[in-house]
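What follows draws every value from the coordinates through simple rules; no lab data is involved. Predicted model, so just to flag it, every value in this text is computed and none were measured. Cβ placement follows ideal geometry from the backbone for every residue including glycine, while neighbour counts extend to all protein chains displayed.
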Amino acid sequence: MTQRRAVPSPLDDFRVRDVSPPGRPSSAEDRWRLWPAIALIFVPFLGLIALQGYQVLSQSPRTTLTEQLVSHNIEVILTAQSLRSAIQNAERGQRGYLLTGETSYLAPYQAAVLSVPPLLNRLTGLTASDPGQQRQIAALIPPINAKLAELRQSIEVYRTAGFSAARRIVKSNAGLADMQSIELGIDGMIDTESKHRSRRLAALAAQESRVDRTAMASALLALVLMLSGLILTLLTFRRGRRLQDEIQRRAEEAAGANRQLEERNTELARAGDLARGAKEEARRAEQAKGRFLATASHDLRQPLQAVSLLNGTLRRMVSDPDVTEALRQQDEAISVMSKLLNALLDISKLEAGVIEPQPRTIPLSQVLAAMELEFRSIAANKGLELQVVACDACVRTDPGLLEQILRNLVSNAIKYTPTGSVRLRSVLDPPWVSIEITDTGVGIPADQLQLIGEEFYQIGVPSNSTREGYGLGLSIVQRLIKLLALELKVTSEKGKGSIFSVRLRQSAAVPTQERPQADPVRDREERDVDASILLVEDDPDVRNATRMLLRTEGYRVTAAASVAEAVRSLQENRRTDLLVTDFHLAGGETGVQVISRLREELGATLKAVLITGDTSSAIKELAHDPNLRIVSKPVQAEAFLELVRVLLIA
């Protein structure tokens, strides 16, 4: 605050004419009689300002100490989490080595084992002043040593006696109790530190609130003092200058307290800048992970896309039964590879945190009806009865991710049920809704319930046998359950079947209306074989495979690799009945840009097929375009041709 100089009052030389009647005190004498009353009001205000300034100054050391203690709590929590991650990484490395025999899995195992002692030492040092936490650490050391010894023993046994001997050690669950003790111990430490941190954050907030209230009160009191000084100056002309000096002195005291508060606010602003910088750095790292996974998803799916389309082309060009059977088996192999690739990419995206839920209110009957439509024929082909019972309830969640959870659970139930039935039903228990998947299959042994969520683990499938899947479905389910904040319960009895139950909170909101989908036309005779299709794909192999497949069906196909080539092709041949484009093109171009540019030339009703490996929310939003169909790579030839046919005759 800029110091103001005391200036003479313009009323100092003013003289008030005494017009009071004879025998009555003059008005000046009346004003002097007001001075004691004004002083009784003025002095307490000054005392309050001084007291509030003292309170502001006394709060600063306590606030700094509280912030340091909160930072210490966070450091203890992060160290405990790092210790848990190190032990889990050691176990993952051991499992990977035992399952595959690849020594590359030993590198993360060894790195994790080497990081455990320093983390324990650091945790001990950080909690040296907390006897309770010291006891927790002392209780953690024996199970940690036992768990690391069990991991080391299984690896040595694998090296000397082979996989079967090491598998017996793993199946004995010798380290399960140790791992549970470690988890409970670390959770206990984190819970204790979190409670300390919450309590201190509350105290810090209270201190800052007191400082804010004190500053506001100081400002208000300063305003009152200035007004009082003005009134006193008008009432007491002779003492006006001295009164102004007194007000100025008191105002400077309040300004000193305000300066202290401003300095503290500056420190807090600097801390906020650091926090925002760290947040921005984390945001950039998340974006980098998302870009990497999008690129990997596209590049890994491209070869499979080309092979799948070439397979479909060959099946239309040959008539020899043996060759046809070989191509059919090749198509099944491509389908298995596609499922494995999709599962691995899903797990990678979930681990990287790049999948963001898009919740909306939906009726559960709609979700269960979609599952029934998808799996009824699959169950019937296996001789199983699929029962679907839906209650009249709505939930708020991401429908696509919920369907992925149910799809994996129902698929597993059908896969592990040789005879009998699979039942999918929703049960309302306000304010909760449970979705149950019940089967009469082989069941899960009690000692394997803890393992079913691990990657590449399948019940009763030897490591060298033919697999119907790769043991990734339940691992994806558990990650999606955590992402959507749902609950998953499993009950099972070997030889009698299993029950998987997903629990959601009921929603009272009105369901979000879906755009109605037209029923596909099935009559192949209605296909427009003279249709002109413009194909935009930058990958030469995929472009040639797609062009060959479409031409074998009688379509006239023009191919391009970029937006500019597509526009030139359009100028040469104005007739384009359908546009088929890849999403990721060379030079940073996208299929969305191709569709937009060509619709500028041909109109907004141009029908288009967008082929992509991207699963981001931006791609999902495009699905609301009635003249656009989105296909995920790798797409099978039959499904692709059916989609083209339906769009052309729609």
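Provide the per-residue ³J(HN,Hα) series for segment 542-556, in order, calculated from phi with Karplus coefficients 6.51, -1.76, 1.60 and θ = phi - 60°, each as a whole number of Hz, with x at glycine and proline positions.
Taking θ as phi minus 60°, the curve returns 5, 4, 5, 5, 5, 4, 4, 4, 5, 5, 5, 8, x, 7, 8 Hz for segment 542-556.
Pull up all non-local amide H partners of VAL631: gap of 5 or more, or a different chain, and H-to-H distance under 5 Å with H placed in the peptide plane.
LEU610, ILE611, THR612
Can you tell me the FRET efficiency between THR605 and TYR54 if r is taken as the Cβ-Cβ distance and R0 is 60 Å, rounded to the nearest 0.05?
Details: r = 76 Å, r/R0 = 1.27.
Result of the calculation: an efficiency of 0.20.
Show the residues, 5+ positions off or on another chain, whose built amide H is closer than 5 Å to the amide H of ALA393.
LEU364, SER365
Strictly over 21 Å apart at the Cα level, which of LYS171/LYS494; LYS382/LYS415; LYS147/LYS489; LYS147/LYS171; LYS147/LYS494 would you flag in this model? Each step should come with its number before you reach the end.
Details: LYS171/LYS494 16 Å; LYS382/LYS415 9 Å; LYS147/LYS489 27 Å; LYS147/LYS171 14 Å; LYS147/LYS494 28 Å.
Result: LYS147/LYS489; LYS147/LYS494 exceed 21 Å.
Any idea what Rg and Dmax come out to for segment 115-224 if you just take the C-alpha atoms, in Å?
Reported Rg and Dmax, both Å: 24.6, 89.
When every alpha-carbon pair in segment 529-650 is counted, what percent end up more than 23 Å apart? If you can, show how the numbers build up before the last one.
Working: 1560 of 7381 pairs.
Tail of the P(r) past 23 Å holds 21 percent of the pairs.
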